[in-house]
Structure formats: C-alpha cells, structure tokens
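**Q** My structure is below; once you've seen it, I'll send some questions.
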Amino acid sequence: MIESLLVANRGEIARRIIRTAKRLGIRAIAVHSEADAGLPFVTEADEAVCVGPANPAQSYRNVEAILAAAKSTGAQAIHPGYGFLSENADFARTVEASGLIWVGPRADAITAMGDKINARNLMAAAGVPVAPGTTDPAADLDAAVAAAAEIGYPVMVKAAAGGGGMGMGVATDETALRTEYDKVRSFAERMFGDGSVLIERYFPRVRHVEVQILGLADGRVVALGERECSVQRRNQKLVEESPSPAVSPELRERFLAAAVRAGEAVGYRNAGTVECLLVPRQRDFEEDGAGSEEFFFLEMNTRLQVEHPVTELVYGVDLVEEQLRVAAGLAPTFDPDALAPRGHAIELRINAEDPKRFLPGPGAIKTWVEPTGEGVRVDSGYIEGNTVTPFYDSLMAKLIVSGATRAEAIERAKSAVAAFDLTGPKCNLPFFAELLENEEFLSGDYDTGIVSRMR
C-alpha cells in the first residue's frame, strides 16, 4: 500500500480523503492556499504546505508548487480529488514523470474523455447509446445551423471541452441557435482555451442517471450501481440518490453493461463515472409515470465524483480506499463478482447560497452543529468559526442519509435537515426542507426540471 499521500485539493473532499488515508496508516499531506490555512483539512493532515494565494490558478492549479510540495514532504502519491487538476491529463503525466503515483485514471483515458465529441464517437463505436448529434465540431455558425436542421430542434449547444454543467445552451429555433452558438463558443474559448462546439439533440423532459465504475488493477472494469442526479439548478447537481427510483432491474442491467463497455473502450483504471440521460416516453411523462427504456451517453467523469458517498453507503465500500488500492496495484477489498446493493441513500449538497435564487452567499460561520443519528453521515469542509470565502465553489458540506428503503432515507433526511444548525453564510438548507415535502420528489417520478417547477 502507498505510505504517504499528498491531497491536491481542499475543503470537504480533501478532508474526506485524509480521513481514509489516516485510517489506513498512510501519512496524509495537505496543500492549501493562504485563504484556507485555518480549515479542518489543513489541521487534520499529518503535514501541510501552503502553495500560494487564494487565487486557484496560483495555488490549487499551480502544478509547480504542488509538485514542489510533494518533493519537499517526501510524498509517494498524489490524489487530486475532484475539480481543479483532477481531469488534467498533462498534470497526471507530469506526476508520473516525476516518479510519483497518480491516484486516478491513465492520462490517455482523461484525454479521450475530456473532449465531448471524441468521447461520443468512442462510445458509439463501443456500442454505448449516444444521442443524435455532431460527430465533428461545428466549425462555424453555418455548420451549426445545418447540423441543427438535420438533428431537429430543440438542440443543446455544448462546449466540447466543457464539464460540470458549464458551457451549455439550449436553442429552440435558428434564431436562438445563432445567439447560443456565439455565447457558448466565446465562453468555451475563455474558460477552456478551446472554442469547439458540439450540437446535440435536447430533450426537454429528461432524467440524469450515472453509473459508478471502477477500473481494477488486473484490468477488469466493474460497475457499482447507478445514481439519480436529476435535482439540479443551472445544470449542476443539488441532490443525488442511489438506486434511482426510475431504473427497473432490466434497465439497470443495461445501464451497468453500457458503463462497463465505456470503461473498457478506453482501458479505464481507478474510479470514474459514466453519465447518461434517461428519456421518458415520447419526450414527456405518460399518465402512469413510467419512464422509457431509452438512455444516452452524456459524458464520462474521469475522477471521483462529489456524490460518491451514496454509492459507498449502498454498496458498503470506501471508494477512496479502492482508488488507493488500484493505484498501488492491489486487488479490491470486495469480490467483483458478488457486488450487491443494500438499501437506499440520498445526498444533499449544503451550499453557501441563497435557497431561492441559488446565488452565492459566503461569510463567517457563526454556528455549525451537524446532525447525528442512525443512517446520517456528514462530509464537511468547515467548522464553527471558519469563513466561507468567495474564491472557491460554494459547497460547504454533504449531508448523506441512508435507510433500508427510499421512504426511510427520506424521513431521516427530513430530520437531519431540521437538526443541521448552520448560521452565518447564506445556506440552501431551507430548499431541501421544501424539496423533501414536494410530492413530485416524494413520488420518485421527477426530472431535471423539478427545481424550476418549484420556483
């Protein structure tokens, strides 16, 4: 097993990785910005190194500073968490070229999946369903208009190099397409340094379902069930649950098989997620609420996901430990041929944001009392007295609940939300209290438009 691990991230995910590392007897090393010096992940690490000022480009994305910290502390491996450098193939290559162990997929898999058009084409060749769309970038506006006419409106205009719900726009006709194309291309050039644009069929009523995969050290790819991620605002997730209430046993079998094929197509190793769109019949819900059996590949996230805890609770595994074992060339702690889910888990992302408009609201934390009890887990990045700064993502904590059934998990979620005492920054806990009483959510028959309908 790895003996010393540098965590190239911050907040709750850094703290969560450090917790597993210390449980396994691995020396945990944190890197942090000047703004994060007082956060729990820094104080809980065995060693910590400041790598720059608050600006992520000068700290958490500063490759030279992070590698220097690894060298000075004698780190054997680097875990990138999610965000920042986690899906940067050049960073992965540089880490390995420096003689360190990269706790993540191979750089070539990151590259292959990092471009949405290339990923779509690879998946189609592997027999994974993809939505109607372009097989090459829409080189200019005329090409985008021609592609949309062939695909049929409405269409999604997407940055080929984008991710995390960023760089996307919907066009219902040619006039809207002309506006969205320029907007998305400009955003993509500015944010990703790549203005390539993909045109894809847009489904107004759709569910977002993803599959957790793990590429093992022996070359096998296994799937650890699916997660429902349809509660979103601005194409970014707020709630995830496993298993999905929309997925039948037969459909689950197809989902998992497609995800394994996707991983095998790129020789995947370590943890990753295959994200899909599940399209209800006739692009709308039938009166009986039943969904269709039609799903399409959306993208592959070549890293650990924010929502990985729901899979951990349902499958009884520690995915960070499994990541470390794969990186060290070790077998998993579980039997890949005997994976079986038990119960139900739900994750709520506790963000420093307005619960109505979801606008960021950072600030000093005056009160922070986490809920406890059976089936309640909190992965947090802060404690009372810390300050949520405006420099990073608004995620403060993840409240994860589990139960024998979905109904039991929801009841525990209601109690946990009510018991979470958090004051100071703006907070979206009131939104979750509302959601957990919402009939559409309670029925399990909801889609990605549920938040907009609540507002």
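The values are calculated or read from the model by the stated rules, or taken from the named source; none is laboratory data. Only a predicted model underlies this, so the values are computations on that prediction, with no experimental measurement involved. Every residue, glycine among them, receives a Cβ derived from its backbone with ideal geometry; neighbour counts consider all protein chains shown.
**Q** Exactly one of (1) touching a strand residue (DSSP E or B) at 6+ places or on another chain (Cβ under 9 Å); (2) at pLDDT below 95; (3) not aromatic (Phe, Trp, Tyr) is unmet by Asn118. Its number?
**A** (1)
**Q** Going through region 57-67 one residue at a time, which ones are within 20 Å of Gly99 (Cα to Cα) and either touching a residue at least 12 places away in the same chain (Cβ under 8 Å) or outside the structural domain of Gly99 (by TED's automatic domain parsing) (or both)?
**A** Within region 57-67, Arg61, Val63, Ala65, Ile66, Leu67 meet the criteria.
**Q** So, Ala171, is that one touching a Pro at 6+ places or on another chain (Cβ under 7 Å) and touching a residue at least 12 places away in the same chain (Cβ under 8 Å) or not?
**A** The answer is yes for Ala171.
**Q** Checking the condition within 30 Å of Gly38 (Cβ to Cβ) and modelled with pLDDT of 95 or more, which residue from Gly316, Gly329, Gly343, Gly363 passes?
**A** Within the list Gly316, Gly329, Gly343, Gly363, the selection yields Gly363.
**Q** Of everything in region 331-380 that's charged (D, E, K, R) and either assigned to a strand (DSSP E or B) or not assigned by TED's automatic domain parsing to the domain that holds Arg220 (or both), which residue is surrounded by the most Cβ atoms within 10 Å (Cβ to Cβ)?
**A** Only one residue tops the list, namely Glu347.
**Q** Right, something else. Filter region 29-42 for residues that are exposed (fewer than 15 other Cβ atoms within 10 Å of the Cβ) and in a helix (DSSP H, G or I) and give the result.
**A** Glu34
**Q** Can you give me the number of residues within region 205-222 that are surrounded by fewer than 22 Cβ atoms within 10 Å (Cβ to Cβ) and out of contact with any Asp or Glu (no Cβ under 8 Å at 6 or more places or on another chain)?
**A** 6
**Q** Then there's this: Given (1) crowded, with 21+ Cβ neighbours inside 10 Å; (2) touching a residue at least 40 places away in the same chain (Cβ under 8 Å); (3) in contact with a helix residue (DSSP H, G or I) (Cβ under 7 Å, 6 or more places away or on another chain), identify the lone condition not met by Ala92.
**A** Against the list (1) crowded, with 21+ Cβ neighbours inside 10 Å; (2) touching a residue at least 40 places away in the same chain (Cβ under 8 Å); (3) in contact with a helix residue (DSSP H, G or I) (Cβ under 7 Å, 6 or more places away or on another chain), Ala92 comes up short only on (2).
**Q** The conditions are (1) surrounded by fewer than 16 Cβ atoms within 10 Å (Cβ to Cβ); (2) under 30 Å from Leu256 (Cα atoms); (3) more than 23 Å from the chain's Cα centre (by Cα), and Asp173 fails exactly one of them. Which is it?
**A** (2)
**Q** Quick check on region 381-406: of everything there that is surrounded by fewer than 20 Cβ atoms within 10 Å (Cβ to Cβ) and hydrophobic (A, V, I, L, M, F, W, C), which residue is nearest to Lys237 (Cα to Cα)?
**A** Only one residue tops the list, namely Phe391.
**Q** Now for a different question. Inside region 388-403, can you point out the residues that are in contact (Cβ under 8 Å) with a residue 40 or more places away in the chain and not small (Gly, Ala, Ser)?
**A** The answer is Thr389, Phe391, Tyr392, Asp393, Leu395, Met396, Lys398, Leu399, Ile400, Val401.
**Q** Looking at region 190-207, which of its residues are outside any loop (DSSP other than H, G, I, E, B), modelled with pLDDT of 90 or more and within 20 Å of Ile117 (Cβ to Cβ)?
**A** Answer for region 190-207, where residues must be outside any loop (DSSP other than H, G, I, E, B), modelled with pLDDT of 90 or more and within 20 Å of Ile117 (Cβ to Cβ): Arg190, Val197, Leu198, Ile199, Glu200, Arg201.
**Q** Could you list, in sequence order, all residues of region 34-56 that are more than 23 Å from Trp368 (Cα to Cα) and in contact (Cβ under 8 Å) with a residue 24 or more places away in the chain?
**A** Asp46, Glu47, Val49, Ala54, Asn55, Pro56, listed by residue number.
**Q** Let me ask something else about it. Being free of Cβ contacts under 8 Å to residues at least 24 places away in the same chain and of a type in the set (A, V, I, L, M, F, W, C) is the filter; apply it to region 419-455 and report the residue that is farthest from Leu359 (Cα to Cα).
**A** The qualifying residue farthest from Leu359 (Cα to Cα) is Ala433.
**Q** Confirm whether Ala265 is touching a Phe, Trp or Tyr at 6+ places or on another chain (Cβ under 9 Å), farther than 29 Å from Val376 by Cβ and in contact (Cβ under 8 Å) with a residue 40 or more places away in the chain.
**A** Answer is no for this residue.
**Q** With Val231, Val222, Val211 as the choices, which residue is in the same structural domain as Arg269 (by TED's automatic domain parsing), in contact (Cβ under 8 Å) with a residue 12 or more places away in the chain, over 23 Å from Arg349 (Cβ atoms) and within 21 Å of the chain's Cα centre (by Cα)?
**A** Val222
**Q** Yes or no: region 43-60 includes at least one residue that is touching a Phe, Trp or Tyr at 6+ places or on another chain (Cβ under 6 Å) and either buried (at least 19 other Cβ atoms within 10 Å of the Cβ) or part of a strand (DSSP E or B) (or both).
**A** So far as region 43-60 goes, yes, one or more of its residues are touching a Phe, Trp or Tyr at 6+ places or on another chain (Cβ under 6 Å) and either buried (at least 19 other Cβ atoms within 10 Å of the Cβ) or part of a strand (DSSP E or B) (or both).
**Q** All but one of (1) buried (at least 24 other Cβ atoms within 10 Å of the Cβ); (2) over 25 Å from the mean Cα position of the chain (by Cα); (3) not β-branched (Val, Ile, Thr) hold for Ala143; state the number of the condition that does not hold.
**A** (1)
**Q** Still on this structure: Only one of Ser186, Ser244 is surrounded by 15 or more Cβ atoms within 10 Å (Cβ to Cβ), among the hydroxyl-bearing types (Ser, Thr, Tyr) and either in the same structural domain as Gly162 (by TED's automatic domain parsing) or outside any helix (DSSP H, G or I) (or both); which?
**A** After ruling out the rest, the residue left standing is Ser244.
**Q** With the requirement that a residue be of a type in the set (Asp, Glu) and more than 23 Å from Ala364 (Cα to Cα), what does region 405-455 give you?
**A** Glu408, Glu411, Glu434, Glu437, Glu439, Glu440, Asp445, Asp447
**Q** Which condition does Lys71 not pass, out of (1) under 20 Å from the mean Cα position of the chain (by Cα); (2) farther than 24 Å from Ala271 by Cβ, if it passes all the others?
**A** Only one criterion is unmet by Lys71, namely (1).
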